[in-house]
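See below for the structure under consideration.
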Amino acid sequence: MRGEAIHWMTEIESALDELITYHFVKKERADAFFEAMLWEDFRFSTKIKLFQIMAVPDNLKELHEDTFRELLRLPEARNKFAHRLSLTDGHKTWLIGKNHKPEEINDVFFDDFKKRCIHTLASLKCIYFTLQGIPPESFLHTKRIKIKAGKIDTTWPD
């Protein structure tokens, strides 16, 4: 669970890096800016703030706002997996934080986290592709992104 949680958050952060670079930086400086976003001081929370102030076309505003709200929720769960001691016993997993109180992480919690990550990643990619001029209809049936009635569908199989 821990490795998979960090994998999904890394994917989301990478998509956020691409989107922010594309939006805020001219082509001739994009590579240098993208490199800067990988610096230790360029925190995930800073990237979320940059994402929040992005100007998007009207047809992306609702998706942008929903994605921003989800980006605010994900770091708490990410930090649980990344910065806490993990203990397992058979099929049970506990994460132990600063207060030394173990918190059981069950399949329901992890599946919800994973679905939120998949949905957020798909949303970021949808915004990115759309801003690049690729219409949403072009990726209606891609492996990672499915859209039904203007909403991103997260019910597809892994």
| remark: Within region 120-137, residues surrounded by fewer than 19 Cβ atoms within 10 Å (Cβ to Cβ) and either within 12 Å of the chain's Cα centre (by Cα) or aliphatic (A, V, I, L, M) (or both) come out as Leu131, Ile134
| query | Could you say which residue among Lys98, Lys115 is of a type in the set (Lys, Arg), at pLDDT 65 or above and more than 21 Å from His7 (Cα to Cα)? | reply | Lys98
| task | Check region 34-47 and report whether any residue there is surrounded by fewer than 16 Cβ atoms within 10 Å (Cβ to Cβ) and among the aliphatic types (A, V, I, L, M). | result | yes
| Residues of region 34-50 satisfying the condition of being under 18 Å from Tyr128 (Cβ atoms), modelled with pLDDT of 80 or more and not basic (Lys, Arg) | Phe44, Ile48, Leu50
| said: Take the conditions at negative phi, surrounded by 11 or more Cβ atoms within 10 Å (Cβ to Cβ), part of a helix (DSSP H, G or I) and modelled with pLDDT under 75 and apply them to Phe81. Does it pass? | reply: yes
| request: May I ask you to verify whether Glu62 is of a type in the set (Asp, Glu), under 15 Å from the mean Cα position of the chain (by Cα), under 21 Å from Arg116 (Cα atoms) and at pLDDT 90 or above? | output: no
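The values are calculated or read from the model by the stated rules, or taken from the named source; none is laboratory data. Computed from a predicted model, the values in this text were never measured in an experiment. Backbone-built Cβ (ideal geometry, glycine too); neighbour counts: all protein chains shown.
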